[in-house]
Amino acid sequence: MVTLERNPEKVRLARANLARAGLADLVDVREGSATDTLAALPGPFDLVFLDADRPSYRTYLDLTVPRLVPGGLLVADNVVSHRAELEDYLARVKSHRELVSVTVPIGKGEEIGVKVRGGP
């Protein structure tokens, strides 16, 4: 499992919590901008969970879908609570030719996309 975080204090806390739970060897915490860090990850991905800076969700979509395995999930958080801010992302994910996507109105809302086919 790989998690991305740009805030150094949150990176420190995540690593400490993972070590305390005995999971440090299972989770790779990468520090830095998610756009840069994500672009450097080779994939493939089985699951991508977006809970980051919402204006970049569209960029994350474009970076992750090509590396999602068929049947892989792309889950985006806060899509009901911040719908206006995520209109561009939601329009793109719902019309993406490689995904089938649905909004689940639980909590702040999750958009769950399943990769149903490969690229062009």
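In sequence order, the stretch 3-10 has phi-based couplings of 10, 10, 8, 8, 7, x, 5, 5 Hz under the Karplus curve 6.51 cos²θ - 1.76 cosθ + 1.60, θ = phi - 60°, and Gly or Pro positions carry x. Take the chain with all the other protein chains still there, run a 1.4 Å probe, and you get 59 Å² of accessible area per residue. Placing unit charges on the Cβ atoms only, positive for Lys and Arg and negative for Asp and Glu, gives the chain a dipole magnitude near 140 debye about its Cα centre. Think of it as helices only: each DSSP H run of n ≥ 4 in the chain is worth -39500 (n - 2.57), and spread over all residues that comes to -9000 deg cm²/dmol at 222 nm. Just the protein heavy atoms count here, and of the accessible area of the stretch 69-120 at 1.4 Å, carbon and sulfur take up 60 percent. The aspartates and glutamates whose alpha-carbon is closer than 13 Å to the alpha-carbon of K10, local same-chain residues fewer than 8 away aside, are E31. The equivalent ellipsoid of the chain has semi-axes of 25, 17, 13 Å, largest first, where each one is the square root of 5 times an eigenvalue of the Cα gyration tensor.
The values are calculated or read from the model by the stated rules, or taken from the named source; none is laboratory data. All figures in this text were calculated on a predicted structure; none of them were measured in a lab. Every residue, glycine among them, receives a Cβ derived from its backbone with ideal geometry; neighbour counts consider all protein chains shown. These area figures cover heavy atoms from the full protein model, side chains too; ligands, DNA and RNA do not enter into them. Shrake-Rupley method; radii C 1.70, N 1.55, O 1.52, S 1.80 Å.
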